[in-house]
1. Against the longest alpha carbon principal axis of the chain, how many degrees, from 0 to 90 and to the nearest 10, is the axis of helix 15-27 turned?
2. Compute, for the chain, the length of the dipole vector about the Cα centre, with Cβ point charges of +1 (Lys, Arg) and -1 (Asp, Glu) only. Units Debye, rounded to 20.
3. Around MET91, what is the net charge, scoring Lys/Arg as +1 and Asp/Glu as -1 over all other residues with Cβ under 13 Å from its Cβ?
4. Report the local net charge at VAL27: Lys and Arg +1, Asp and Glu -1, summed over other residues whose C-beta lies under 14 Å from its C-beta.
5. Apply the a/c threshold of 1.5 to the C-alpha gyration tensor of the range 1-131 and tell me whether it is rounded, prolate or oblate.
6. Neighbouring Cβ atoms within 10 Å as the yardstick, rank LEU146, LEU159 fewest first.
7. Compute the Cα gyration tensor for the range 59-162, then decide on rounded, prolate or oblate, letting a ≥ b ≥ c be the square roots of its eigenvalues: rounded whenever a/c is under 1.5, prolate when a/b is larger than b/c in the other cases, and oblate in all that remain.
8. Using only DSSP helix segments of four residues or longer, with each worth -39500 (n - 2.57), what per-residue ellipticity at 222 nm results for the chain after dividing by its residue count and rounding to 500?
Amino acid sequence: MRRAVCPGSFDPVTLGHIDIITRTSHVFDKVVVGVVNNPLRKDKTLFSAEERKGFIEEATASLGNVEVQIFSTLLVEFARENGAHAIVKGMRAISDFEYEFEMAQLNRKLDPTIESIYVIASPHYSFLSSTGVKEMATFGGDVGDLVPPGVASALAERLPDR
Ligand code: PNS
């Protein structure tokens, strides 16, 4: 059985993430989406890990081979625990490359048996990021066609004073 992990902060998940997860689910037998509990490089998250996990579960419910888990370990450890030999992430533009290059090399050093694979973002999501979505929502922009419906209503509730 070919398994992949799709890791991320997902604060919150966007339709760009869902696109990558869906396309990965067509290539692998099983996809485990890993929601990182405490991302080191970022400030406090807007949504809790449980909330972020719930949004992804809701948006991927129709995909039969996707499961969502929270993890707080090294990514390669999370992949090993799930019997996955591939880490699959989205790549939007060249601006993603430097960070992803470093991550892929670090992960390769930690465990060379786990391959990092990058899926190029669909053109209509190539500008989309969780940070951009939060900024738009904060200032009253319509994010309805950028995030799953559950996320859009949660953003409206969480960021009401705009
Ligand atoms: O969506 P993001 O913020 O780009 O996802 C970052 C993530 C979760 C992939 C990264 O923070 C991560 O892998 N965290 C776990 C710790 C780890 O293994 N780091 C990489 C090797 S040092």
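1. For helix 15-27, the angle is close to 30 degrees.
2. Around 300 debye, computed over the chain.
3. -1
4. Local net charge: +2.
5. Taking the square roots of the gyration eigenvalues as a ≥ b ≥ c, the range 1-131 is rounded.
6. In increasing order of surrounding Cβ atoms, one gets LEU159, LEU146.
7. prolate
8. Result for the chain, helices only: -12500 deg cm²/dmol.
Bear in mind these aren't lab numbers, they're just calculated from the coordinates by the rules spelled out. Small disclaimer: the values here were computed from a predicted structure and weren't measured. Backbone-built Cβ (ideal geometry, glycine too); neighbour counts: all protein chains shown.
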